[in-house]
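Scroll down for the structure; my scribbles are underneath it.
The values are calculated or read from the model by the stated rules, or taken from the named source; none is laboratory data. What you see is a predicted model, and the numbers here were worked out from it, not measured in a lab. Quick reminder, even Gly has a Cβ in these numbers, built from the backbone with ideal geometry, and neighbours come from all protein chains shown.
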Amino acid sequence: MPDPISEIKFKMEKAGLAGPAIAAFLFQYRKLARNDEGLIPESSIEPCEDLPSIDDQPEPSGTALLAQQTVVLKLNGGLGTSMGLEKAKSLLPVRDQLTFLDIIVRQFLRLRSEVSSGLSLLFMNSFSTSSDTIAALSKYAELGDPRKLELLQNKVPKIDAMSLAPISWPANPALEWCPPGHGDIYPSLLGSGLLDRLLSEGKRFLFVSNSDNLGATLDLRLLSYFARLGAPFLMEVTRRTGADRKGGHLARRKDDHRLLLRESAQCPEKDLDAFQDIERHRYFNTNNLWVRLDSLRAELHRQNGLLPLPLIRNVKTVDPRDKSTPKVYQLETAMGAAVECFEGAAAIEVPRSRFSPVKTTADLLAVRSDAYELDPEFRLLLRAERKGIPPIVKLDDRYKLVDQLEELTAGGVPSLMQCHSLSIEGGFQFEPGVVITGDVRFANAFPTVQKIKAGTY
């Protein structure tokens, strides 16, 4: 019987994947094979308390040199398939026909003109988003060759859930592969040679965030703090609310006092009450991370080319559009989990405004509304009047896809400036000038689409 590890190695080498990518995947595969769930009992950790806050940091001065040594990297591998997209999610219009990508570029160009021409910008694209993104960036001549702004994410084999061998699917061989999650940033930087090149160019600091989180700009207070701190790794965290009870949290391991992230899948069932206690475990990861490049290279070399990240095991079908096809495991890692890989890694509390990702059409409706505004620095932020609290938007599944949302808002996006919560069930369409205030629920049990007329509800 063929050895699955040999099969995986051969398949990945044949596809041209670099050694660090293969080593990182095999590390995760061995966990899968031995059914390692990576559970983190409550008894092994303690809460994080009294973290420093960005609000306590002084306004920086003399940041030109630091900016010259900094690389801004946006994670841009997502297709937005859950919203019915077949192109990079960052190409969705957000505000005045500006896409996520347009706003990111404008943020960067403005900061570069004000602080340092040496500031660098990169995008980590997947095989699915690469060509779309490069084409969209080509209109910005001041960025130079868009192909030089790309770090290409690896791909990894889907694993047959029955045999634990790499799946074979001759009907569509492309479906034999999947993205490895944003934890792939570390083997991608090493295997592509980009990590060594950046260090040779005098780059010291890497700021990473998601392309769908337009609140995550390069804040010079944070850059200055990170440089002064001397830590190898800094995670931006923000306070959990009741809506975040089921999401992961930051904690500290008792035996070595290192920070770690614990996700719900890593929590034993008996510890769920403690996991969901937002007063005990106060902070979650915004996925805005700061990394010292020399520390990253040193740790990768110390660990033989990989960071030992926790495994994320997703159960899917080989053809995601056909639930009758064989079940597979898609093995992923999360880049924030690297916080536990670095001695001296740190965290800092930031306002919720630095965390406004768009994962669903409900999120997209909210950020397209007047509850948010683009400030002069091209940050998409909640308006001050909202006091840091976003509107809660719930849409039923008939609006799950972007084109369905476009039908709902064909007459215009309603005002959510004074909205606490909005719930829509059934067929509706907004007319121009609708204003939503307080808590509002629209329900329509009939097949005919109802018009929501202008006015205050």
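A quick yes/no check of all residues on (1) within 26 Å of Arg313 (Cβ to Cβ); (2) not β-branched (Val, Ile, Thr):
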| position | (1), (2) |
| --- | --- |
| Ile134 | no, no |
| Lys155 | yes, yes |
| Met162 | yes, yes |
| Pro166 | yes, yes |
| Leu175 | yes, yes |
| Leu194 | no, yes |
| Arg197 | no, yes |
| Ala227 | no, yes |
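Does any residue of the stretch 172-184 turn out to be more than 26 Å from Arg34 (Cβ to Cβ) and buried (at least 18 other Cβ atoms within 10 Å of the Cβ)? Looking through the stretch 172-184, at least one residue is more than 26 Å from Arg34 (Cβ to Cβ) and buried (at least 18 other Cβ atoms within 10 Å of the Cβ).
If the condition is being hydrophobic (A, V, I, L, M, F, W, C) and within 18 Å of Asn213 (Cα to Cα), then the stretch 64-87 contributes Val71, Val72, Leu73, Leu75, Leu79, Met83, Leu85. When the stretch 1-42 is filtered for residues that are in a helix (DSSP H, G or I) and of a type in the set (S, T, N, Q), the ones remaining, listed by number, are Ser6, Gln28.
Here are Ser120, Ser82, Ser53: which of them is among the hydroxyl-bearing types (Ser, Thr, Tyr), surrounded by fewer than 16 Cβ atoms within 10 Å (Cβ to Cβ) and more than 30 Å from Leu405 (Cα to Cα)?
Ser53
For Ser423, the conditions (1) closer than 27 Å to Leu79 by Cα; (2) not in a strand (DSSP E or B) are fulfilled apart from (2). For the stretch 371-395: of the residues being closer than 13 Å to Thr360 by Cα and surrounded by 14 or more Cβ atoms within 10 Å (Cβ to Cβ), which is farthest from the chain's Cα centre (by Cα)? It comes out as Leu395. None of Leu234, Leu223, Leu229 is buried (at least 18 other Cβ atoms within 10 Å of the Cβ), out of contact with any Leu (no Cβ under 6 Å at 6 or more places or on another chain), assigned by TED's automatic domain parsing to the domain that holds Leu289 and in contact (Cβ under 8 Å) with a residue 40 or more places away in the chain except Leu234.
Is at least one residue of the stretch 403-415 part of a helix (DSSP H, G or I), buried (at least 19 other Cβ atoms within 10 Å of the Cβ), within 30 Å of the chain's Cα centre (by Cα) and not assigned by TED's automatic domain parsing to the domain that holds Arg240?
Yes; the residues of the stretch 403-415 include at least one that is part of a helix (DSSP H, G or I), buried (at least 19 other Cβ atoms within 10 Å of the Cβ), within 30 Å of the chain's Cα centre (by Cα) and not assigned by TED's automatic domain parsing to the domain that holds Arg240.
Scanning the stretch 186-200 for residues that are among the hydrophobic types (A, V, I, L, M, F, W, C) and more than 21 Å from Gln68 (Cα to Cα) turns up just one, Leu190. Count, please, the residues in the stretch 91-106 that happen to be farther than 14 Å from Thr217 by Cα and not hydroxyl-bearing (Ser, Thr, Tyr). Residues that pass the stated criteria total 8. The condition of being under 16 Å from Leu26 (Cα atoms) and either at pLDDT 95 or above or in the same structural domain as Asp294 (by TED's automatic domain parsing) (or both) holds for only one of Leu175, Leu164, Leu137, Leu199, that being Leu164.
Considering only residues that are of a type in the set (Asp, Glu) and under 27 Å from Arg204 (Cα atoms), which ones fall in the stretch 66-118? Correct list: Asp102, Glu114.
Set side by side, the residues Ala216, Ala243, Ala298 differ, and just one is within 17 Å of Ser353 (Cα to Cα), surrounded by fewer than 15 Cβ atoms within 10 Å (Cβ to Cβ) and either assigned by TED's automatic domain parsing to the domain that holds Lys89 or of a type outside the set (S, T, N, Q) (or both), which is Ala243.
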